[in-house]
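Structure, as structure tokens:
Here, each number is a calculation from the coordinates, and none is a lab measurement. No experiment lies behind these values; they were computed from the predicted model shown. Note that we place each Cβ from the backbone using ideal geometry, even for glycine, and neighbour counts take in every protein chain shown.
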Amino acid sequence: MTTSYEELTGENYKGLGLSYKKSGKMKKAIEAFRQAKKISPFDKTIYFELGYSYIHNNEFSKAIDELKRGIRLDPNYIDAQFYLAVAHELNSDVDMAMQIYKKLIEKKPTFLSAYNNLAGLYLRCGLMGESAQLFKNLLRINPEYTRAFLGIAIAFDKLGFNFKAIKYYKKYIKIKPDSVNIPYVLERIEKLRAKRKICNKPYLKLIS
């Protein structure tokens, strides 16, 4: 005998939502998680999953609301706080996203994703020095975090520190030789080298 739709429990709906989420059917996942929330309103993970699904469905304001509800149930819910920052960032609430990422790093100094996202956000906002420093801090925690080398290189590149930019671009190439970014990185290195050659040319003396 099959179970009727009405007989499903909160856990059943959550499981259904997770299945839809895994297969990329976000609208169906959202509907399942919403049903789960009605039955199990004190399950923090349902709010997290609903918020996550709203993010991937480009409904950032709704994601923020649901993630906040999950955090109210558990103020130490780190994953929900991280995706709350992501939702704010995607919703163009840059200052709020930065504040949350900073608090996460204070609470959990080894939270690599928070470092990476905040450093990337600094980069997009033109805060190159802050971005480079944060990527360096990330590398102190995990020297194999490849994207940090590329982030530092781009920051130095934007700052006009060509020698340093080339140095970190090379480190990125060494660690990630198969990356799809390599052709662009090599092209950028050549351009920076060309700039350095021009800058190092001696000025011709004017003959009167």
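Sorted from fewest to most neighbouring beta carbons within 10 Å, what does the list D65, D157 look like?
D65, D157
Note the per residue figure in Å³ for the convex hull of the C-alpha positions in the chain. Enclosed volume per residue, from the Cα hull, is 163 Å³. A cut-off under 11 angstrom between Cβ atoms defines the neighbours of G15, and their net charge, with Lys, Arg +1 and Asp, Glu -1, is +1.
Using the Cβ-Cβ distance between K103 and K176 with R0 = 35 Å, the FRET efficiency computed as 1/(1 + (r/R0)^6) comes to roughly 0.70.
Excluding the site residues themselves, the longest part of the chain lacking any chymotrypsin sites (Phe, Trp or Tyr not before Pro) in a DSSP loop with at most 13 other Cβ atoms within 10 Å is 43-202.
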